[in-house]
Amino acid sequence: AQSVTQPDIHITVSEGASLELRCNYSYGATPYLFWYVQSPGQGLQLLLKYFSGDTLVQGIKGFEAEFKRSQSSFNLRKPSVHWSDAAEYFCAVGPSNYQLIWGAGTKLIIKP
Amino acid sequence: DAGVIQSPRHEVTEMGQEVTLRCKPISGHNSLFWYRQTMMRGLELLIYFNNNVPIDDSGMPEDRFSAKMPNASFSTLKIQPSEPRDSAVYFCASSLIVGDTQYFGPGTRLTVL
């Protein structure tokens with residue numbers, strides 16, 4: 001069955017520390033891969049996406065993600081988090097841009 | 001440029017009442033999506049329009065839910081009659097073309113008492 005797993009419901013990181021949010025998927029072929037961020041009371045905003053090509057993808061706000069086919073993973077990273085990064089992050093995969101399977105989300109908490 | 005506009009932002013209603021949620025996509029975008037977000041089920045795609053035509057409504061939970069897109073700049077999601085289990089945040093998103101990035105509205109938080 002197709003699925004997306006974000007194993008961490010919450011992650012707490014100190015401001016200035018590095019961040020990695022995990023995303024694993026189960027899918028028959030190489031899917032389209034996305035990371036979205038949702039700030040409190042807001043809609044979702046696309047951080048980055050992978051369709052093909054270079055497996056290290058750069059996104060907005062200093063985020064990057066690496067597609068690892070052998071591990072069926074698409075982890076999101078940021079070298080130094082800022083308090084404004086506190087939000088919920090969603091990984092999504094699918095055969096196209098609209099037929100997406102969404103992860104349950106990871107809530108990022110920033111410690112001052 | 002204005003993003004996706006949704007109204008109302010909050011709606012509180014009683015069970016059995018009709019609820020209409022509204023969405024104005026980004027001008028020029030040809031695809032429109034309605035999502036529902038709950039703690040239990042996460043984010044679910046309800047229906048998707050392309051050029052004002054419903055393409056995939058397999059996510060619409062039941063006949064109480066209906067969606068229309070009478071023109072390129074307006075869509076509605078109607079629930080009648082509403083039930084407490086419909087309480088959720090409903091998002092509208094639009095994209096320029098199929099396969100392009102989706103831009104989400106701020107959502108409508110629906111509470112059915």
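Readers should treat all values here as calculations from the given coordinates under stated rules, not as data from a laboratory. Remember, predicted model here, so these are calculated numbers, not experimental data. Cβ atoms come from the backbone with ideal geometry, glycine included; neighbour counts cover every protein chain shown.
From the residues A:Ile110, B:Tyr90, B:Pro61, which one has its Cα farthest along the dipole of the protein assembly as shown in the positive direction, the dipole being from +1 and -1 charges on Cβ of Lys/Arg and Asp/Glu about the Cα centre?
Of the candidates, A:Ile110 comes out farthest on the positive side.
Cβ under 13 Å from A:Ile101's Cβ, A:Ile101 left aside: what net charge do those residues give with Lys, Arg +1 and Asp, Glu -1? Could you put the intermediate results ahead of the total?
Values: positive: B:Arg41; negative: B:Glu44.
Residues close to A:Ile101 contribute a combined charge of 0.
Translational diffusion coefficient of the protein assembly as shown at 37 °C, 0.692 mPa s, Stokes-Einstein with Kirkwood Rh over Cα pairs, in µm²/s as a whole number. Can you show the working numbers first?
Numbers: Rh = 18.1 Å.
The diffusion coefficient I find is 181 µm²/s.
What net charge do the residues around B:Ser75 carry, taking every other residue with its C-beta under 11 Å from that of B:Ser75, with Lys and Arg at +1 and Asp and Glu at -1?
That sum, taken over residues with Cβ under 11 Å, equals +4.
Under unit Cβ charges (Lys, Arg +1; Asp, Glu -1), what dipole magnitude, rounded to 20 debye, does the protein assembly as shown have relative to its Cα centre?
Taking the Cα centre of the protein assembly as shown as origin, the dipole is about 220 debye.
Quick one: compute the contact order of the range B:26-106, relative version, from alpha carbon pairs under 8 angstrom and 6+ residues apart, as a percent.
So the answer I get is 34 percent.
Just to be sure I understand: with springs between alpha-carbon atoms less than 10 Å apart, which residue in A:Ile60, A:Ile101, A:Ile11 has the highest mean-square fluctuation in the Gaussian network model of chain A?
Checking each option, the largest mean-square fluctuation is seen for A:Ile60.
From Cα pairs below 8 angstrom and at least 6 apart in sequence, can you work out the relative contact order of chain A, rounded to a whole percent?
Result for chain A is 37 percent.
Any number yet on Rg/Rh for chain A, C-alpha, Kirkwood?
0.95
May I ask for the Rg/Rh ratio of the range B:67-113, computed from Cα atoms with Rh as the Kirkwood radius, given to two decimals?
1.04
For the range B:26-113, build the convex hull from the C-alpha positions and give me its volume per residue in Å³.
About 95 Å³ per residue, rounded to a whole number.
Once you charge only the Cβ atoms, +1 for Lys and Arg and -1 for Asp and Glu, what is the size of the charge dipole of chain B about its Cα centre, to the nearest 20 debye?
With only Lys, Arg, Asp and Glu charged at Cβ, the dipole is about 220 debye.
Alpha carbon centre of the range B:62-100 versus the range A:72-96: separation in Å?
Taking the Cα centre of the range A:72-96 as reference, the centre of the range B:62-100 is 26 Å away.
Using a simple charge model, +1 on the beta-carbon of Lys and Arg, -1 on the beta-carbon of Asp and Glu, nothing else, what dipole does chain A show about its Cα centre, in debye to the nearest 20?
Its charge dipole is roughly 80 debye.
Semi-axes, largest first, in whole Å: what does sqrt of 5 times each Cα gyration tensor eigenvalue give for the range A:1-40?
In descending order the semi-axes read 25, 11, 10 Å.
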